[in-house]
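Working notes, structure below.
Since every read-out is calculated from the coordinates, none of them should be taken as a lab result. None of the values given here were measured: they were computed from a predicted structure. No Cβ is skipped: glycine too gets one built from the backbone with ideal geometry, and neighbour counts run over all protein chains shown.
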Amino acid sequence: MKVLVVGGGGREHALCMRLQSSPSVSHVYCAPGNGGIEQSGAAGCLTDIVASNFERLAKFAKDESIDLTVVGPEAPLVAGIVDYFREEGLRIYGPDKRGAQLEGSKEFAKSLFERNNIPTASYRVFTEFAEAKAYVEAHEFFPVVVKADGIAAGKGVLICETREQALEGLAEIMVERRFGEAGDKVVVEEFLRGEEASVHAVTDGETLVVLPTSQDHKRIGDNDTGPNTGGMGAYSPAPVVEGALLDKVIKTILVPTMHGLRQDGIDYRGTLYAGLMITRGGPRILEYNVRFGDPETQVILPRITSDFGELLFAAADKKLADYGTIEESPDACVGIVLASEGYPGKYHAGKPISGLDTAGAMPGVAVCHAGTSQRDGRLVTAGGRVLCVTATGPGIAEAREAAYAGVKQIDFEGAYYRTDIANRALSRA
Ligand code: AMP
Ligand code: GLY
């Protein structure tokens, strides 16, 4: 089959690579893709078709007889790309606009959890600043978490240590409207303590296929310091959520979510990426993403040995029950993100990148391109997160060593990476 991947980051590069090596897949295209995806040969890139241009994407899918379109980022899902494609009679993997509200609106998600007894932080929703203010003024327990309801580029969640901070946060979102419409509503919720982990599953609304577990590293600095980023590295499997605990996550969180969506009349065919807090009282759901994680995808997919293209095809067709379970490699995978100096703040682009071929030729090592582009036949940096170097190995320690060996081969001016990726998994072992 022919597959079109929508998006152009490290996650999409990993999706293209995995799909291309799937026996069921003959051709992979990526729109818009990026310099590295094109150069590595993982997919043919349609650099002039952006992910928000549904009309052109659908026209390409029709003209080229694409059998399956796979959507990477959340924005086109929230904006209804799946509804558009299905109306045009095209097969697409991802939730429709209503299903994407699970990520697009915190109130939608929290209400679904509440109605289905899914363990989560207790919460209140406010549309009026005065009411939210009165609530926080009377609140006894801090920290408290203040969240803009809509999508705010990963910056809409404020952990407030004190009442003053919470009041400032509310004013920022509701009065100054720092996140625009995303702050029309605010969720104020209980602060949960524990270790974070994530579980990805693929569902067609009736059957759930759980993917290998993973953990990412959100902060910019070593030892989880500094501001939050999109993710600076990841590893799989994540020992914090294996065995009985994983079973509990499936039983008490993922399956009830799938049933809850169906009960609300939502035909959800896509990824359920559960962001969890493993508390002393058991796993609780912090949030869902309706797409694959970045950089989690880069470390999860190399560990799936069964046909990944067939899995997504079956989900899009509501035939997951016939697919069975996936085969998981016993090897571990670790991914290290190389970022531009200054990220997640301001950074400079256009820096030539060297050493990619040497790194890519090392045993078990693969380089996923995120913010790269081609200029005069050379690859240069073009984003905050530039590359994710992954490596597989018999255990986390070996995979990590190989990944860092790969990282050391690569250079561009101002290249930054964390030196402690997967430390937590190692200290647990
Ligand atoms: P979210 O986008 O809801 O996952 O929030 C982003 C990050 O904020 C999470 O990955 C957690 O680190 C943190 N966070 C969100 N909600 C809570 C909570 N209720 N308790 C503690 N930390 C939280
Ligand atoms: N790595 C976090 C995310 O994809 O949302």
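Some values worked out for this structure:
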{"quantity": "Among 157-170, 8-21, the order from most to least packed when residues are scored by Cβ within 10 Å on average", "calculated": "8-21, 157-170"}
{"quantity": "GNM result for the chain, Cα springs below 10 Å: residue of 293, 233, 89 fluctuating most strongly", "calculated": "89"}
{"quantity": "Residue-averaged 222 nm ellipticity for the chain, from DSSP H runs of 4+ at -39500 (n - 2.57), nearest 500", "calculated": "-8000 deg cm²/dmol"}
{"quantity": "Contour minus Cα-Cα distance for residue 397 and residue 222 (0.36 nm per residue)", "calculated": "61.3 nm"}
{"quantity": "Cα gyration tensor, the chain - rounded (a/c under 1.5), prolate or oblate", "calculated": "rounded"}
{"quantity": "Cβ-based net charge around residue 198, under 9 Å, with every Lys or Arg adding one and every Asp or Glu removing one", "calculated": "-3"}
{"quantity": "In Hz, Karplus ³J(HN,Hα) per residue of the stretch 312-324 (6.51, -1.76, 1.60; θ = phi - 60°; x = Gly, Pro)", "calculated": "5, 4, 4, 5, 5, 9, 6, 10, 5, 4, 7, 6, x"}
{"quantity": "Amide H contacts of residue 92 (H built 1.01 Å from N, under 5 Å, at least 5 apart or other chain)", "calculated": "69"}
{"quantity": "Other-chain or far-sequence residues with amide H under 5 Å of residue 328's (modelled H)", "calculated": "305"}
{"quantity": "Contour minus Cα-Cα distance for residue 376 and residue 2 (0.36 nm per residue)", "calculated": "131.6 nm"}
{"quantity": "Relative packing of 191-201, 101-111, which averages over residues the other C-beta atoms within 10 Å, highest first", "calculated": "101-111, 191-201"}
{"quantity": "³J(HN,Hα) computed for each position of the stretch 275-284 - Karplus, 6.51 cos²θ - 1.76 cosθ + 1.60, integer Hz, glycine/proline x", "calculated": "x, 10, 10, 8, 8, 5, x, x, x, 10"}
{"quantity": "Length released on extending from residue 129 to residue 79, taking residue separation times 0.36 nm less the Cα-Cα span", "calculated": "15.3 nm"}
{"quantity": "Cross-link partners of residue 155 among lysines (Cα-Cα below 17 Å; sequence separation of 8 or more within a chain)", "calculated": "106, 147, 185, 218, 346"}
{"quantity": "For the stretch 384-400 and the stretch 262-283, distance of Cα centres in Å", "calculated": "27 Å"}
{"quantity": "Separation in nanometres of the label points that stand 7 Å from Cα toward Cβ, at residue 155 and residue 141", "calculated": "3.0 nm"}
{"quantity": "Loop chymotrypsin sites (Phe, Trp or Tyr not before Pro), the stretch 115-163 (other Cβ atoms within 10 Å of the site Cβ: 10 or fewer; DSSP)", "calculated": "141"}
{"quantity": "Listed peptides 248-261, 359-372 by packing density, highest first (mean Cβ within 10 Å)", "calculated": "359-372, 248-261"}
{"quantity": "Relative contact order (%) - the chain, alpha-carbon pairs under 8 angstrom, separation at least six", "calculated": "17 percent"}
{"quantity": "Cα-based reach from residue 2 at 13 Å (exclusive), listing aspartates and glutamates while leaving out same-chain residues under 8 positions away", "calculated": "63, 64, 67, 310"}
{"quantity": "DSSP-assigned coil residues among GluC sites (Glu not before Pro) in the stretch 384-429, each with at most 13 further Cβ atoms within 10 Å", "calculated": "413"}
{"quantity": "Other-chain or far-sequence residues with amide H under 5 Å of residue 120's (modelled H)", "calculated": "285"}
